[in-house]
Amino acid sequence: MEQANLDIRENYIEYGNFIQVNYALVEEVYTPNSRTGYLLISYDLPGEKEMTFQELVQLNVDWNTILINQYGDSISLCSIIKGDRVNATFSKLMTRSIPPQSNAYRIIALMGSPSFRVTTGRILMIDSARNVLYTENPYNSSDQMRFTISSATNIVNYNGNQMQLTQLKPGEMVRVEHANFQTASIPPQTTAFLIEQLRP
């Protein structure tokens, strides 16, 4: 992805107790559980007389950090890789370590078109209050998946007509197009893009 011709002053903004950097380069990613950990990013810092300096900072990511892509979809930390670009908002308060560390409030990963994987399984349970659906492999009941349903999730019946999550029933077979990342939890969790009811 090529960087747009943006003024560096638009890529580095300070306001209140926060710093926002746009189009920062991801130098390193560490996550023990796919959701928390840190990102090491580098970005250009404006100096005097039109000079710029490259800054390196470690952004600590916890459960309160907003992690999304540029489409507004929630993502896991493990879906960000070295070489990606991010827009990040983080605290001005930094450690005196090398590199300095700061708490990340929001990270927007600039990704390509959403890629996906496909899982076909039998509906085990539907929790419409939490907007989640569980499936299991019909040949291996220990192989389960938890799918998060968002307002962008498309749900269709076997004729291709729109339907509601509440119209699906446990025991039915479904084909799910979902994000190509998943949490390390049991069962693993990921975001559903399309749920297609299969013919009985």
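Listed values, structure above:
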read-out	value
Check on ALA104, within 30 Å of ALA24 (Cβ to Cβ) and in contact with a Phe, Trp or Tyr (Cβ under 6 Å, 6 or more places away or on another chain)	yes
Number of the exception - THR135 against (1) surrounded by fewer than 19 Cβ atoms within 10 Å (Cβ to Cβ); (2) over 15 Å from the mean Cα position of the chain (by Cα); (3) not aliphatic (A, V, I, L, M)	(1)
Residues within segment 138-152 that are assigned to a loop (DSSP other than H, G, I, E, B) and more than 22 Å from LEU77 (Cβ to Cβ), tallied	3
Odd one out for MET94 among (1) in a strand (DSSP E or B); (2) touching a Pro at 6+ places or on another chain (Cβ under 8 Å)	(1)
Residue, surrounded by the most Cβ atoms within 10 Å (Cβ to Cβ), within segment 27-85, restricted to residues that are without any contact (Cβ under 8 Å) to a residue 12 or more places away in the chain and acidic (Asp, Glu)	GLU50
Filter pass, THR153 being more than 25 Å from ILE66 (Cα to Cα), among the β-branched types (Val, Ile, Thr), surrounded by 15 or more Cβ atoms within 10 Å (Cβ to Cβ) and not assigned by TED's automatic domain parsing to the domain that holds VAL29	no
Only one of THR166, THR191, THR183 that is of a type outside the set (Phe, Trp, Tyr), modelled with pLDDT of 85 or more and not in a strand (DSSP E or B)	THR166
Any chance LEU45 is closer than 16 Å to ILE108 by Cα and in the same structural domain as TYR105 (by TED's automatic domain parsing)	no
From the options ILE195, ILE126, residue that is farther than 25 Å from GLN58 by Cβ and touching a helix residue (DSSP H, G or I) at 6+ places or on another chain (Cβ under 7 Å)	ILE126
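The values are calculated or read from the model by the stated rules, or taken from the named source; none is laboratory data. In this text, all values refer to a predicted model and were calculated from it rather than measured experimentally. Please note: Cβ atoms are built from the backbone with ideal geometry, for glycine as well, and neighbour counts cover all protein chains shown.
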